[in-house]
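Laboratory data are not the source of any read-out in this text; all were calculated from the coordinates shown. This one's a predicted model, so the numbers in the text were calculated from it and none came from an experiment. Please note: Cβ atoms are built from the backbone with ideal geometry, for glycine as well, and neighbour counts cover all protein chains shown.
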Amino acid sequence: MKIILLGPPGAGKGTQAKLISEKYTIPHISTGDIFRKNISEKTTLGVKAKEYMDKGLLVPDELTIDLVKDRLSESDCKNGFLLDGFPRTVKQAEALEDFLRINNQKIDTALLIDVPGKLIFERMTGRRVCPACGASYHVKFNPPKIEGKCDACGSDIVQRKDDAEETVRDRITVYEKQTQPLVEYYNSKDQLFVVDGTQSIEEVFNTISNYMGSKK
Ligand code: ADP
Ligand code: ADP
Ligand code: ZN
């Protein structure tokens, strides 16, 4: 199964990606997580990516596309994958399509987690993440069992620098301008499924699972 997760920042892509990748045993590929890992390891890519991420801007396509192609070429992606946060531009979507076409493949579904702008703010400013395993929590909607600690691995959870209010505003604008056109892109190819992201985490997951089940 080859799935893409679309949606504004804070829609719940990362949260659902963890659940979906466990259920279908496919790798969860988050370009944001890959960039953050490179930043913490101070690699050349990390140093470059940080400049853009801190401002809420997209990392340039040239850097992002090659990274994803390399990741998709690894053996664990043979039976499918779940892309979280990629593609984010039409150019990235076209590059992905070309890459898959070479092997006679295409994505099964682009899942759009639809959340109106006014809810995004509260979701993002209340988000806390685990730097060790990538799990995402919310101070109000999805708190960890022990305050400040990741349920999955026990590490201290933190607020992402780019989840500060000023940056969130810029990221929403960037989404509307650069990523939203992908909704029509996948719709016109009959690959789009829209799920109401204002439901609870469990309800969103159930809707997605039922849909994926009906496609088999
Ligand atoms: P994204 O990867 O799309 O940016 P996340 O999965 O990190 O989004 O979720 C953003 C924030 O909203 C997190 O704090 C998460 O715990 C919370 N969240 C995710 N899904 C829901 C939901 N259905 N209802 C309420 N809060 C949610
Ligand atoms: P969110 O979960 O809130 O949507 P991500 O973790 O996916 O955020 O992304 C964080 C940042 O990483 C983005 O604001 C952007 O700077 C960079 N990034 C992630 N994926 C991409 C991509 N496909 N293209 C360009 N930049 C990206
Ligand atoms: Zn963790």
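So here's what we get for this one:
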{"read-out": "Simple Cβ-charge dipole of the range 1-80, Lys/Arg +1 and Asp/Glu -1, about Cα centre, in debye nearest 20", "value": "220"}
{"read-out": "Rounded, prolate or oblate (a/c below 1.5 giving rounded, otherwise prolate when a/b exceeds b/c) for the range 70-118 by Cα gyration tensor", "value": "prolate"}
{"read-out": "Cα point-scatterer Debye curve for the range 28-180, base-10 log of I(q)/I(0) at q = 0.10, 0.12, 0.17, 0.20 Å⁻¹", "value": "-0.40, -0.58, -1.17, -1.47"}
{"read-out": "Cross-link partners of residue 48 among aspartates and glutamates (Cα-Cα below 14 Å; sequence separation of 8 or more within a chain)", "value": "61, 62"}
{"read-out": "Estimated dipole of the range 64-132 in Debye, rounded to 20 [Cβ of Lys and Arg +1, of Asp and Glu -1, Cα centre]", "value": "260"}
{"read-out": "Most mobile of 109, 25, 64 in a GNM of the chain (Cα contacts under 10 Å)", "value": "25"}
{"read-out": "Eligible lysines near residue 118 by straight Cα distance, threshold 26 Å, same-chain separation 8 or greater", "value": "13, 18, 55, 140, 161, 177"}
{"read-out": "Sites matching chymotrypsin sites (Phe, Trp or Tyr not before Pro) across the range 88-186 that sit in DSSP coil, with at most 15 neighbouring C-beta atoms within 10 Å", "value": "141"}
{"read-out": "Overall Cα dimensions of the range 86-156 - principal axes, largest extent first, Å", "value": "47, 31, 18"}
{"read-out": "Backbone N under 19 Å from the residue 177 label point (7 Å along Cα→Cβ), restricted to the range 1-28", "value": "7-10"}
{"read-out": "Reach of residue 215 by Cα under 15 Å, taken over aspartates and glutamates that are not fewer than 8 positions away in the same chain", "value": "108, 190"}
